[in-house]
Amino acid sequence: MTNWSEVYRSTFGDLVRYLHRKVWDEDRAHDLAQDAFTRAMQSGETPDNARAYVFRIASNLALDEARLVVRRRRHLALLKAETPAHEEPDPEEEMEREARTRAARAALEQLSERDREVLLLWDAGFSYTEIAQQTSLAIGAIGTTLARARRRLVDAHAELEANNAARG
């Protein structure tokens, strides 16, 4: 029998961080994490690895979310609705934070889906064994895949920075 309370306590923070890097909205990441746990508990299944099971559900929810966002953007482009402007307490700090987030997101989007998934799972605290189970990669390939994915991420970020500096 799965102790969902313990799984929740030990996994929720990592799951939110993982989802945030998938949907780029902290509030939405929290909501999706809650949904993932709700679905996992309501499924009636007793998985061998509850943490991996919840992450798999969350990954599917994030994919559904991405599809929904694309549909919404298309719809909003048609409506061209105006949104009211609101001021941030410290505009410079907010601009810097947004620039860092855009840079990280752009660099992550340069990676293949497999590299991005392995990096995000590792960042969420998954072990090599759990990453292998989640991604269907051989456990022996995880270290190499992670190292290459990290290198590609650093290279993509550096390239984007160089392009921005050249424009700037």
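Just so it is clear, none of the values below were taken in a lab; they were calculated from the coordinates. The shown structure was predicted, so the numbers you read here are calculated from the model rather than taken from an experiment. Because the Cβ atoms are built from the backbone with ideal geometry, glycine has one as well, and the counts that use them run over all protein chains shown.
Using the Cβ-Cβ distance between GLU92 and SER136 with R0 = 30 Å, the FRET efficiency computed as 1/(1 + (r/R0)^6) comes to roughly 0.10. Label separation (ALA147 vs ASP31): 4.2 nm, computed from points 7 Å beyond Cα along the C-beta direction. Largest GNM mean-square fluctuation among SER112, SER127, SER43, using the chain with Cα springs under 10 Å: SER43. Against the chain, whose longest principal axis is taken from its Cα atoms, helix 139-167 shows a tilt of about 10°.
With charges only on Cβ, +1 for K and R and -1 for D and E, what is the dipole size of the chain about its Cα centre, in debye, rounded to 20? Before the final figure, lay out the partial values.
Working: 25 positive and 29 negative charges, 160 e Å.
In debye, rounded to 20, the chain gives about 760.
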